[in-house]
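The values are calculated or read from the model by the stated rules, or taken from the named source; none is laboratory data. Predicted model, so just to flag it, every value in this text is computed and none were measured. Cβ: placed from backbone, ideal geometry, glycine included. Neighbour counts: every protein chain shown. Ligands, DNA and RNA are stripped out before the accessible areas are found, and what is left, the full protein with its side chains, is counted by its heavy atoms. Shrake-Rupley method; radii C 1.70, N 1.55, O 1.52, S 1.80 Å.
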Amino acid sequence: MPKSVSLTRRQVLALGGSALFLRTLEAWAQGEALRIGAVLLSRPGSEWEARAAEALRMGLEMARDEYGENAALLGQRLDVVLREARDREVASQEAERLIRQEEVYALVGGLGGQAEALMGVAERLRVPFLNVGDPSDRLRNEGCRRYAFHLEASAAMYLDALAAWFVQAGFRSWFLVYPEGREGQALYQRARKSLLERHFGAREVGRAVVAPARPDFRPVLEALRRTRPQAVLLLLGAEAQLSFLAQYEPLGLPAQVTGFPYPETQTRAFFAASRARARRAGAGYRAVLWEAKLDAYGARELNARFLERYRRPMDPSAWAGYQSVKILYEAAAFGGGPEPARVRAYLENPQTVFDVHKGIGVSFRPWDHQLRQSLYLVKVSPEAQGAWDLATLVGELPAIYRPGTDPVERLDQIGDLRRESRCRFGGGGWGATAG
């Protein structure tokens, strides 16, 4: 049994309140150590990917230390074992080593296109995996896995939120730019759905397909001169978004330009580069998973602790890393222990609710294991000098404070609903033991 300890009010609150503390104490009575494995990107493909990977590591380490203290109060130990991988093949190898040799009960990762490989290992060895870096809808649909859960928002969620914000602000005519290939085509089709099926009056006035590696934007810019859209949506990677902005800026066209929010495009460093490439067009509106200026729901304290520790704002990847440890810690403590099947069952239980500092209890959707949650809209400042003032929080969706509505229904306003999902977990519903 854990030794008797004296807890401060702050420590009890950190464990979720006195009732949850008692449940934690009972769950940990067997003296089990908790070990979570994280696979990080060792060779980022760009400076922006490197910044996101660095932020993810920071969030993991901060959560390890904070929740490790909670574990120590109960006479237990929480370990977050970090490994690096340069590509998908190495990521798979490191994940298997973490499970077989380090005996982790859950995995975290997914930046740099490694999520699918990690999902495969997790499914084969029946260990829960939290995707914190890949928004691809395919991983939530035909590529879904029973042991995979998605803390990173889906592409459908981001696109629904962007469409809602911009259309409600009066931006009705859209030009879409997307890369060649299956993923680019999927993003384009989902963006059309977000605009044309969900919003009366929104219309597509043009589109352009570009080569992802070396995009030629001259035909795109000429089409923009002709069509004069109110909004341009770049369904492109980070460097291609920056390249477009640099070429678009001299035209002086009035359209608002925004880009698809891959994790690497949500950092303060990327915002600074966007503004540097295009002082006007690059200082627009961006969708983010988290904002360092969020000032309610316990977010103020979380952001302040991160700022004090690292002397920089908490980028979304840092928030995702932190919450992944928090969620997995709670799943083991409150779900009956760190046995992977129990953790998976706790995560997918419709009655399980997590506090991720976004003001409302969130849960994983049973049909695709996507975390329901709010997203945020920020405005990049054209004049700010420091990183903190570089972005201003201007919007939140769904609006969690709206009275008289069910929280689950409210959060399901963005993203694919059950009737739209192509995910099949092999027959078993919640609570089934099949892998």
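When volume of the Cα convex hull per residue in Å³ is calculated directly from the model, which label among (1) 170; (2) 133; (3) 147 fits?
The value computed from this structure is option (2).
How much accessible area per residue does the stretch 39-167 have, in Å², with a 1.4 Å probe?
About 32 Å² of surface per residue is accessible.
Toward the positive end of the charge dipole of the stretch 116-247, about the Cα centre and with charges on Cβ (Lys, Arg +1; Asp, Glu -1), which of Trp174, Tyr147, Tyr158 goes farthest?
Checking the options against the dipole of the stretch 116-247, the answer is Trp174.
If each DSSP helix of 4+ residues adds -39,500 (n - 2.57) and the sum is divided by the residues in the chain, what number results at 222 nm, nearest 500 deg cm²/dmol? Numbers along the way, then the final one.
Details: 14 runs with 168 residues, N = 435.
Mean residue ellipticity at 222 nm (helix-derived): -12000 deg cm²/dmol.
To the nearest 10 degrees, how steeply does helix 299-310 sit against the main Cα axis of the chain, on a 0 to 90 scale?
Result, in degrees: 90.
Can you tell me the 0 to 90 degree angle between the C-alpha axis of helix 47-73 and the longest principal axis of the chain, rounded to 10?
It works out to around 20 degrees.
Heavy atoms only, probe 1.4 Å: what % of the accessible area of the chain goes to carbon and sulfur, would you let me know? Please list the in-between numbers first.
On the way: 8490 of 17870 Å².
Exposed carbon and sulfur together represent 48 percent of the surface.
Report the antiparallel proportion of the DSSP beta bridges in the chain as a percent, rounded to a multiple of 5.
25 percent
Using the per-residue mean of other Cβ atoms lying within 10 Å as a proxy for protection, in what order, highest first, do the peptides 214-223, 305-314, 140-149 fall?
Highest to lowest by the protection proxy: 140-149, 305-314, 214-223.
With every protein chain present, what accessible area does Asp134 have (1.4 Å probe, heavy atoms only), rounded to the nearest 10 Å²?
30 Å²
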